Every structure is written in C-alpha cells, then in structure tokens.
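Chemist: This structure is in structure tokens; I'll ask about it shortly.
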Amino acid sequence: MAASICGIDCTKCELSSTCNGCMETNGRPFGAECMAALCLEKGEKELCEFKRNLIAAFRALNIEDMEEITELHALKGSLINLEYTLPNEQIIRFWNDDKIYLGNQLSKKGSDRYYGMIADENYLMVSEYSGPGSDAELVAFMRWRQS
C-alpha cells in the first residue's frame, strides 16, 4: 500500500484491503472525503489547529464522568456510525459510512460504558454506549463551527 497523506501506517489498518489509498484518490480512500486530508491540503499546521479547536469544543461540553480527551484519530464512518432510536421509534444513523472523521473513544468513569466522540468540519457528536457500540445513547450533537 502507498504512503498515506497524514502519515498513518496503512499496513497496520484492518481496512487496507478495501481502501483505494488516500494518495491515489486525493484524500478520498473510500470514495468520500477524509477530514485529515482536507486539513492537510492547507498544511500540517492546519490539521494540528483543527484538532486543537475540536478537542477544546469537546472539552467545553463539560461531561463530568468522561475521561479527558487529548487526541483525535482518523476513523472511517462505518466503524463509528451507530444506530440511535429517536423518541418516535425511528432508527437513524448520523454519519456517512465512507467518510473519514476525527474522533476517539473514552471510558465513562465508574462504569463499563464508553463515550464515543466524532466530528467533521461542522458538527460534533458524543454518544454513550456499551461494548461494541450497543445500547447507544446520544449525549450531544451540535454545530461546533460554521463552514
């Protein structure tokens, strides 16, 4: 596999056999944009600044039983796109399975549940769930930055 735009070692990725390569696709390895590649088009400083601002936005939510977020990772939408049941019983997903977002998973203090954080250039979301994304509950979904 060719080198990645963001420096991730693609040979360690379980999705490498289905990935078309970000260098080869100009930052669209699964057919949709990658947040890291979009930032890096403007330079490495832009990606660092974007991550710093996004981490600050997650911290500003003041979720008291969530571990401190210090890092964001590039995550394919299909890996984080959990199902949520709305009050009217409609089941929805919020993200594009083929887009690469920035996010992380942190433990919920004093619990066996987790917080999942995910964001793109305009929206951020925090959800709480068990094990491999089961029993997902929406904690926050909001516009964090104007496009």
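The values are calculated or read from the model by the stated rules, or taken from the named source; none is laboratory data. Bear in mind the structure is a predicted one, so any value in this text is a computation, not a measurement. Because the Cβ atoms are built from the backbone with ideal geometry, glycine has one as well, and the counts that use them run over all protein chains shown. For accessibility, only protein heavy atoms count, side chains too; no ligands or nucleic acids. Shrake-Rupley method; radii C 1.70, N 1.55, O 1.52, S 1.80 Å.
Chemist: Could you compute the net charge surrounding Ala60? Neighbours are other residues with a C-beta less than 14 Å from the C-beta of Ala60; K and R count +1, D and E count -1. Write out the running numbers ahead of the final one.
Modeler: Working: positive: Arg52, Arg59, Arg143, Arg145; negative: Glu64, Glu68.
Counting the neighbours of Ala60, the net charge comes to +2.
Chemist: Using only the Cα atoms of segment 86-133, construct the convex hull and provide its projected area averaged over every direction, in square nanometres to one decimal.
Modeler: Details: hull surface 17.8 nm².
Dividing the Cα hull surface by four gives the mean projection, 4.4 nm².
Chemist: I need to check one value: relative contact order of segment 35-147, counting alpha carbon pairs closer than 8 Å and at least 6 residues apart, in percent. Show your work: numbers first, answer last.
Modeler: On the way: 188 pairs, mean separation 22.4, N = 113.
Across segment 35-147, relative contact order equals 20 percent.
Chemist: Taking the Cβ of Thr85 as the centre, find all other residues whose Cβ is under 12 Å away and add up their charges (Lys, Arg: +1; Asp, Glu: -1).
Modeler: Details: positive: Arg93; negative: Glu83, Glu89, Asp135, Glu137.
Charge balance in the 12 Å sphere: -3.
Chemist: Per residue and in Å³, how big is the convex hull formed by the alpha-carbon atoms of segment 41-98? Don't jump to the answer; show the numbers that get you there.
Modeler: Numbers: hull volume 7.6 nm³, N = 58.
Looking at segment 41-98, the number lands at 131 Å³ per residue.
Chemist: Sticking with this structure for a sec: Evaluate Rg over Rh across segment 27-134, taking Cα atoms for both radii and Kirkwood's formula for Rh.
Modeler: Numbers: Rg = 14.4 Å, Rh = 14.7 Å.
In segment 27-134, Rg relative to Rh is 0.98.
Chemist: Another question, if that's okay. Using the heavy atoms of the protein chains and a 1.4 angstrom probe, tell me the accessible area per residue for segment 91-147 in square angstrom.
Modeler: Working: 2870 Å² over 57 residues.
I get 50 Å² per residue for segment 91-147.
Chemist: Sticking with this one: Order Ser111, Ser127 by their accessible area, 1.4 angstrom probe, all chains in place, largest first. Before the final figure, lay out the partial values.
Modeler: Details: Ser111 50, Ser127 5 Å².
Output order, biggest surface exposure first: Ser111, Ser127.
Chemist: I'd like the Karplus ³J(HN,Hα) series for segment 71-86: coefficients 6.51, -1.76, 1.60, θ = phi - 60°, whole numbers in Hz, and an x wherever there's a Gly or Pro.
Modeler: Working through the residues one at a time gives 8, 10, 10, 6, 10, 5, x, 5, 7, 10, 7, 6, 8, 10, 9, 7 Hz.
Chemist: What ³J(HN,Hα) values, in whole Hz, does the Karplus curve 6.51 cos²θ - 1.76 cosθ + 1.60 give for segment 116-133 when θ = phi - 60°, with x put for Gly and Pro?
Modeler: With coefficients 6.51, -1.76 and 1.60, one gets x, 10, 8, 7, 10, 5, 10, 10, 10, 9, 10, 10, 10, 7, 9, x, x, x Hz.
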